[in-house]
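Everything on this sheet refers to the single structure shown next.
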Amino acid sequence: MLPYSVLDLAPVTQGSDTRQAFANSLDLARHAEALGYTRYWLAEHHNMPGIASAATAVLIGHLAGGTSTLRVGAGGIMLPNHAPLQVAEQFGTLASLYPGRIDLGLGRAPGTDHATARALRRYYDGADSFPQDVAELLHYFEPAQPQQAVRAVPGAGLDVPVWLLGSSLFSARLSAQLGLPFAFASHFAPDAMDEALTLYRRDFQPSARLRAPHAMLALNVVAAPSGAEAKRLFTTQQQAFVNLRRGRPGLIPPPIDDIEAFWTPLEKAGVAQALACAVVGDPGEVADGIAAFVARHRPDELMVTANIFDHAARLRSFELAARALQSLGA
């Protein structure tokens, strides 16, 4: 059966707060564990009122502590914001607390605006050193040598799976060179997906961490008892994308009845392109849509995300998605 997982941004909805967002994420993680999801990843974003997963490693520890078998990880840690040693120590700590259950996905975007990126890492030089930072981070997870001047404590010698994330050919190429698993951000930037997968699989070099290429794709899935309800729920994500592009990111908005009255034709086209990898509908439509996506792109794993305003509707959507995914292996 194709492994399937959850990507969460700990959304903060209008009328709510971060405390409730964290409670909802824990509830969803427990729900996902019971439904057979493999991983539960949280994404690092900063200076965005509607996303509460900025302190990603802290929230990973909270969710791992509230579940028992689910793999919990970062999808991802934006490495240009951090010193590699600190990331190794944080995830070495998590792996020591929850052995065999922690994943570390790495991205090279800042996950925020330029001013905030500089505030996060005061000597910020951009993402040009990303390959060197990845190599340094991987080194800290290797067994420490007797004369090694700097080591990650904890971290050295621990088995922490490291993934590279990306929405372009850069990370696909680097993943292939380093022999690492690769996760493509097809849920919001699908344009280079096919080319990146081809490059990654063609150029993959086996490593001590991974013997064969392993690619995961992300997919927006919004499922509801009726197609009309699912389409209405999806307007939350559509509005959030438009608000971000208007330079007004805010709390996650409730769904609306008439999305056409909300956006301009140009904004509609931009959102349609960004969210092209989306399956929205009733259980039958979702099952058919996921099956078609998997048949076309042949991922080794699938990561499902859903930015839904109502928590109960979000739980139901992930449940219907799990049923559809399980039917693929039937």
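The values are calculated or read from the model by the stated rules, or taken from the named source; none is laboratory data. Fair warning: this is a prediction, and the values are worked out from it, not measured in the lab. Methodologically, a virtual Cβ is constructed for each residue, glycine included, from the backbone with ideal geometry; neighbour enumeration extends over all protein chains shown. All accessible areas refer to the heavy atoms of the entire protein, side chains included, with ligands and DNA or RNA removed. Shrake-Rupley method; radii C 1.70, N 1.55, O 1.52, S 1.80 Å.
Anything in the range 1-33 that is assigned to a helix (DSSP H, G or I) and either of a type in the set (A, V, I, L, M) or open to solvent by less than 20 Å² (accessible area, probe 1.4 Å) (or both)? List them, or say none. Lay out the reasoning, then the answer.
Residues of the range 1-33 that are assigned to a helix (DSSP H, G or I), as a first pass: 18-33.
Matches in the range 1-33: ALA21, ALA23, SER25, LEU26, LEU28, ALA29, ALA32.
Residue by residue through the range 132-169, note down the ones that are part of a helix (DSSP H, G or I) and either farther than 19 Å from LEU210 by Cα or open to solvent by less than 40 Å² (accessible area, probe 1.4 Å) (or both).
Within the range 132-169, the subset part of a helix (DSSP H, G or I) is 132-140, 169.
Once the filter is applied, which keeps residues that are part of a helix (DSSP H, G or I) and either farther than 19 Å from LEU210 by Cα or open to solvent by less than 40 Å² (accessible area, probe 1.4 Å) (or both), the range 132-169 yields GLN132, ASP133, VAL134, LEU137, LEU138, TYR140, LEU169.
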> What number of residues in the range 78-97 are more than 13 Å from GLY61 (Cα to Cα), open to solvent by less than 40 Å² (accessible area, probe 1.4 Å), out of contact with any helix residue (DSSP H, G or I) (no Cβ under 7 Å at 6 or more places or on another chain) and modelled with pLDDT of 95 or more?
Replying inline: 0
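Mind counting the residues in the range 124-170 that are of a type in the set (Ser, Thr, Tyr) and modelled with pLDDT of 95 or more?
Looking only at the range 124-170, we keep the residues that are of a type in the set (Ser, Thr, Tyr), and these are 124, 129, 140, 167-168.
With the extra rule that they be modelled with pLDDT of 95 or more, the set shrinks to 140.
Summing the residues that are of a type in the set (Ser, Thr, Tyr) and modelled with pLDDT of 95 or more in the range 124-170 gives 1.
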>> With the structure loaded, tell me whether THR69 is of a type in the set (Val, Ile, Thr), within 21 Å of THR305 (Cα to Cα) and at pLDDT below 95 or whether it fails that test.
In response: no
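Scan GLY36, GLY105 and give me the residue that is in contact with a strand residue (DSSP E or B) (Cβ under 9 Å, 6 or more places away or on another chain), surrounded by fewer than 20 Cβ atoms within 10 Å (Cβ to Cβ) and either touching a residue at least 12 places away in the same chain (Cβ under 8 Å) or hydroxyl-bearing (Ser, Thr, Tyr) (or both). Let's see the steps before the verdict.
Details: GLY105 fails: surrounded by fewer than 20 Cβ atoms within 10 Å (Cβ to Cβ).
That would be GLY36, the only listed residue that is in contact with a strand residue (DSSP E or B) (Cβ under 9 Å, 6 or more places away or on another chain), surrounded by fewer than 20 Cβ atoms within 10 Å (Cβ to Cβ) and either touching a residue at least 12 places away in the same chain (Cβ under 8 Å) or hydroxyl-bearing (Ser, Thr, Tyr) (or both).
Tell me, which residue of the range 176-199 that is farther than 27 Å from GLY92 by Cα and in contact with a Phe, Trp or Tyr (Cβ under 6 Å, 6 or more places away or on another chain) is surrounded by the most Cβ atoms within 10 Å (Cβ to Cβ)?
Start the filter on the range 176-199 by keeping residues that are farther than 27 Å from GLY92 by Cα, which leaves 186-199.
From what is left, the residues that are in contact with a Phe, Trp or Tyr (Cβ under 6 Å, 6 or more places away or on another chain) are 193, 196.
On the way: MET193: 21, ALA196: 27.
Step by step, filter the range 176-199, then rank; the result is ALA196.
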> Is it the case that the range 205-222 has a residue that's of a type in the set (A, V, I, L, M, F, W, C), farther than 21 Å from SER167 by Cα and assigned to a helix (DSSP H, G or I)?
Replying inline: no
> All but one of (1) over 14 Å from ASN307 (Cα atoms); (2) within 22 Å of the chain's Cα centre (by Cα); (3) open to solvent by less than 20 Å² (accessible area, probe 1.4 Å) hold for GLY227; which doesn't?
Replying inline: (2)
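Name every residue in the range 257-288 that is more than 18 Å from VAL304 (Cβ to Cβ) and surrounded by 15 or more Cβ atoms within 10 Å (Cβ to Cβ), in order of residue number. Break it down stepwise before answering.
Applying the first criterion (more than 18 Å from VAL304 (Cβ to Cβ)) to the range 257-288 yields 257-273.
Within the range 257-288, ILE259, PHE262, TRP263, GLU267, LYS268, GLY270, VAL271 qualify.
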> So GLY100 clears everything in (1) among the small types (Gly, Ala, Ser); (2) closer than 22 Å to GLU142 by Cα; (3) not in a loop (DSSP other than H, G, I, E, B) except one condition, right? Which one?
Replying inline: (3)
> Just one of ARG173, ARG202 is touching a helix residue (DSSP H, G or I) at 6+ places or on another chain (Cβ under 7 Å), open to solvent by 40 Å² or more (accessible area, probe 1.4 Å) and not in a loop (DSSP other than H, G, I, E, B); which is it?
Replying inline: ARG173
>> Against the definition (under 21 Å from the mean Cα position of the chain (by Cα) and surrounded by 20 or more Cβ atoms within 10 Å (Cβ to Cβ)), how does LEU219 come out, yes or no?
In response: yes
> Consider SER129 against the criteria (1) among the hydroxyl-bearing types (Ser, Thr, Tyr); (2) in contact with a helix residue (DSSP H, G or I) (Cβ under 7 Å, 6 or more places away or on another chain); (3) surrounded by fewer than 17 Cβ atoms within 10 Å (Cβ to Cβ): it satisfies all of them except one. Which criterion is unmet?
Replying inline: (2)
